[in-house]
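To start, the structure itself, in C-alpha cells.
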Amino acid sequence: APGMRGGGRGGAAMRGRRTSGGSTREMPIRDLDANVRNWAVKARVADKRPVRDFKSGGGKYMKITICDQSGEIEATFFNNAATTFDPIVQENGVYKFSR
C-alpha cells in the first residue's frame, strides 16, 4: 500500500534532508546514503522475488528491485514484513518506501 513503512533492516538512508517537524521528505534513489536513518523514496517495483526461508531456518525474506528516474536499488523485507507485504507489493506498482 502507498505509504508503507516496510522492509525491516534497510541499509539505505537519506543525507540529512528533513522537513520541519521531523518528517522525512521524499528523495531520489541516487541520493540514498547508508549513514542516515530517515529516508523516503517513491519508486516502481521493477522485480519481485518470492518469499523464501533462510537456509539456516528461523526466518523469511523477500527481495524486490525498485527504481525511479534516478536509478534502482534492491530492497529486502524480513520475517513479518516479508509475509505481510508479499500480497500487497506488486511488480510495476508504485509505492512510497520509507524508514
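For the stretch 35-99, what percent of Cα pairs sit more than 15 Å apart?
Value for the stretch 35-99 (Cα pairs over 15 Å): 52 percent.
Put +1 on the Cβ of every Lys and Arg and -1 on every Asp and Glu Cβ in the stretch 20-98; which of N80, V94, A46 then has its Cα farthest towards the positive end of the dipole?
Result: N80.
Place a +1 charge on the Cβ of each Lys and Arg in the stretch 29-99 and a -1 charge on the Cβ of each Asp and Glu, then give the dipole magnitude about the Cα centre in debye, rounded to the nearest 20.
Roughly 180 debye, rounded to the nearest 20.
For the stretch 20-98, calculate the relative contact order in percent as a whole number, restricting contacts to Cα pairs under 8 Å that are 6 or more residues apart.
Relative contact order, the stretch 20-98: 34 percent.
Between T84 and R49, what length in nm is gained on full extension when 0.36 nm per residue of separation is reduced by their alpha carbon distance?
Roughly 11.2 nm would be gained on extension.
FYI, it's all coordinate maths here, none of it is from the lab. Because the structure is a prediction, the values reported are computed rather than measured. With ideal geometry, Cβ positions are generated from the backbone for all residues, glycine too; neighbour counts draw on all protein chains shown.
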